[in-house]
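**Student:** Got a structure for you, written out below as structure tokens; questions coming shortly.
The values are calculated or read from the model by the stated rules, or taken from the named source; none is laboratory data. Just so you know, these numbers come straight off a predicted model, no measurement behind them. Positions of Cβ are generated from backbone atoms using ideal geometry, with glycine treated the same way; all protein chains shown enter the neighbour counts.
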Amino acid sequence: MGADPFCSREKIEHQIIYESRHFYALYDIRPVVPGHCLILPKRHILDMLEFSDEETADFQAIAKKVIPVLIEQYSKEEKSYDFTSQIGPYSGRTVNHLHFHVLPRSKKDEYQKRNVHIYLDIENNRSSLLLNIREEVGRLRKALGYSPAQK
Ligand SMILES: [Zn+2]
């Protein structure tokens, strides 16, 4: 099981594209498709079934804020995305802190012909992209109206 960077704000600060009271949206450091982001609770939990009612509402709110922007930026025409999480020790989970992958999908993405590999590549931390993350994070912060100093 990999280390848990998600409890350390300073380790993930450069990846944050948006945050709410209880959640972060991060750009994945090993994106398998353009716009590959994560939504995760600030609180260290392993299972979404542990969400309080307030966290459940906040989770829905941040998903509805962030996902449309990712679609607009990376899947404008296709309006397609995968939303996935590995929960529990036998799920293929790699980081021991609950997180949801948002994978904007495009008809040109390399997974169209081998869709199941997208999950293997996530599980193996195998990025298919050499991407300027700083640039993407900057672009998405702007699109989401987020600046790290505001919190
Ligand atoms: Zn944690």
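**Student:** Would a scan of region 57-64 turn up a residue that is under 24 Å from Cys7 (Cα atoms) and crowded, with 19+ Cβ neighbours inside 10 Å?
**Tutor:** Yes, because at least one residue in region 57-64 is under 24 Å from Cys7 (Cα atoms) and crowded, with 19+ Cβ neighbours inside 10 Å.
Yes or no, residue by residue, for (1) closer than 16 Å to Phe83 by Cβ; (2) in a loop (DSSP other than H, G, I, E, B); (3) within 14 Å of the ligand (Cβ to nearest atom):
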site: Pro5; (1), (2), (3): no, yes, yes
site: Lys11; (1), (2), (3): no, no, yes
site: His14; (1), (2), (3): no, no, no
site: Arg21; (1), (2), (3): no, yes, no
site: Leu26; (1), (2), (3): yes, no, yes
site: Arg30; (1), (2), (3): no, yes, no
site: Gly35; (1), (2), (3): yes, yes, no
site: Leu40; (1), (2), (3): yes, no, yes
site: Arg43; (1), (2), (3): no, yes, yes
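Let's see how each residue does on (1) aliphatic (A, V, I, L, M); (2) under 12 Å from the mean Cα position of the chain (by Cα):
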| position | (1), (2) |
| --- | --- |
| Lys11 | no, no |
| His22 | no, no |
| Ile29 | yes, yes |
| Pro34 | no, yes |
| Ser80 | no, no |
| Ser91 | no, no |
| His101 | no, yes |
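**Student:** Going by the structure shown, is Glu72 out of contact with any helix residue (DSSP H, G or I) (no Cβ under 6 Å at 6 or more places or on another chain), modelled with pLDDT of 95 or more and in a loop (DSSP other than H, G, I, E, B)?
**Tutor:** no
**Student:** Also: Identify all residues within region 96-113 that are outside any strand (DSSP E or B), more than 16 Å from the ligand (Cβ to nearest atom) and in contact with a helix residue (DSSP H, G or I) (Cβ under 9 Å, 6 or more places away or on another chain); write none if there are none.
**Tutor:** Ser106, Asp109, Glu110, Tyr111
**Student:** Which one is modelled with the lowest pLDDT among residues in region 22-62 that are among the charged types (D, E, K, R) and within 26 Å of Tyr74 (Cα to Cα)?
**Tutor:** For region 22-62, the residue satisfying everything is Arg30.
**Student:** Under 16 Å from Ile39 (Cβ atoms), outside any loop (DSSP other than H, G, I, E, B), β-branched (Val, Ile, Thr) and within 16 Å of the ligand (Cβ to nearest atom) - does that describe any residue in region 75-89?
**Tutor:** no
**Student:** Pairs only if they're at least six apart or on different chains, beta carbon under 8 angstrom, first in region 95-110 and more than 18 Å from Leu130 (Cα to Cα), second among the polar types (S, T, N, Q); list them, first residue then second.
**Tutor:** Leu98/Ser85; His99/Ser85; Phe100/Thr84; Phe100/Ser85; His101/Thr84; His101/Ser85
**Student:** Can you spot a residue in region 83-98 that is out of contact with any strand residue (DSSP E or B) (no Cβ under 8 Å at 6 or more places or on another chain), of a type in the set (S, T, N, Q) and closer than 20 Å to Ile16 by Cβ?
**Tutor:** no
**Student:** Just a yes or no: is a residue in region 39-50 crowded, with 18+ Cβ neighbours inside 10 Å and within 10 Å of the chain's Cα centre (by Cα)?
**Tutor:** yes
**Student:** Let me ask something else about it. Looking at Lys107, Lys79, which one is at positive phi and surrounded by fewer than 17 Cβ atoms within 10 Å (Cβ to Cβ)?
**Tutor:** After ruling out the rest, the residue left standing is Lys79.
**Student:** Here's something else I'd like to know. I'd like to know if region 127-140 contains one or more residues that are modelled with pLDDT of 95 or more and within 16 Å of the ligand (Cβ to nearest atom).
**Tutor:** No, region 127-140 contains no residue that is modelled with pLDDT of 95 or more and within 16 Å of the ligand (Cβ to nearest atom).
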